[in-house]
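**Student:** This is the structure, below, for whatever I ask next.
The values are calculated or read from the model by the stated rules, or taken from the named source; none is laboratory data. As the structure is a computational prediction, the values presented were derived from the model and not from experiment. Cβ coordinates were reconstructed from backbone atoms using ideal geometry, including for glycine residues, and neighbour counts include every protein chain displayed. With ligands, DNA and RNA removed, areas are computed over all heavy atoms of the protein, side chains included. Shrake-Rupley method; radii C 1.70, N 1.55, O 1.52, S 1.80 Å.
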Amino acid sequence: MALRVLRRVGLSLAPRCPRLSPPPRVAAARRLATSSLVLSARKFTDKHEWISVENGIGTVGISNFAQEALGDVVYCSLPEIGTKLSKHDEFGALESVKAASELYSPLSGEVTAVNDALADNPGLVNKSCYQDGWLIKMTVENPAELDELMNEDAYEKYIKSIED
């Protein structure tokens, strides 16, 4: 008797609770491949700045290694929009409870944006150095300069070599 009631209840609920189909596997594979391409496109300097370029605009920040070495960042000095930079030019500084560190441009170009969120929350550099803690965006004047920078694997080897 109880089994019949459950079957009836189950049948009466079936039209109200449609089954959701699982997401297609192809889309998930595309998302994974895209995120891998984003990570592999990040380039690093020997002074621990990074840049990733999309549509001719480079986003610049400091590496995880650099933010860990600095400690808690308490102040960011960044350039004005429109500032023209050459490769290796100093463009600002980060101050932490431990030290201050100058920032150097990884490429030649013009500053098109600064991360205004860092004025009120400089700790974003520590919390999210590769995402929310970016420093500036700049045009890429000479794309060949990218070839002179280290990819992620080369940068990891570089860090190990200076730690030894």
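**Student:** Counting only residues that are touching a residue at least 40 places away in the same chain (Cβ under 8 Å) and farther than 19 Å from His48 by Cα, which one in segment 102-126 is least open to solvent (accessible area, probe 1.4 Å)?
**Tutor:** Thr112
**Student:** Among the residues of segment 145-153, is there at least one that is at pLDDT 95 or above, closer than 16 Å to Ala93 by Cβ and open to solvent by 40 Å² or more (accessible area, probe 1.4 Å)?
**Tutor:** Checked segment 145-153: no residue is at pLDDT 95 or above, closer than 16 Å to Ala93 by Cβ and open to solvent by 40 Å² or more (accessible area, probe 1.4 Å).
**Student:** Could you please tell me which pairs satisfy a Cβ distance under 6 Å, a separation of 6+ or placement on different chains, a first residue in segment 78-100 that is over 17 Å from Ile51 (Cβ atoms), and a second residue that is open to solvent by less than 50 Å² (accessible area, probe 1.4 Å) and assigned to a loop (DSSP other than H, G, I, E, B)?
**Tutor:** Qualifying pairs under 6 Å: Ser96/Gly71; Val97/Gly71; Lys98/Gly71.
**Student:** Residue check: is Cys129 open to solvent by less than 80 Å² (accessible area, probe 1.4 Å) and either closer than 13 Å to Thr45 by Cα or in a loop (DSSP other than H, G, I, E, B) (or both)?
**Tutor:** Criteria met by Cys129.
**Student:** Looking at segment 83-101, which of its residues are within 16 Å of Ile62 (Cα to Cα), open to solvent by 80 Å² or more (accessible area, probe 1.4 Å) and of a type outside the set (Asp, Glu)?
**Tutor:** Matches in segment 83-101: His88 only.
**Student:** Among the residues of segment 41-77, how many are in contact (Cβ under 8 Å) with a residue 24 or more places away in the chain, open to solvent by 50 Å² or more (accessible area, probe 1.4 Å) and under 18 Å from Val114 (Cβ atoms)?
**Tutor:** Number satisfying all stated conditions: 4.
**Student:** Does Glu141 satisfy the condition of being under 16 Å from Glu49 (Cβ atoms), open to solvent by 20 Å² or more (accessible area, probe 1.4 Å) and either of a type outside the set (Phe, Trp, Tyr) or assigned to a helix (DSSP H, G or I) (or both)?
**Tutor:** No: the conditions fail for Glu141.
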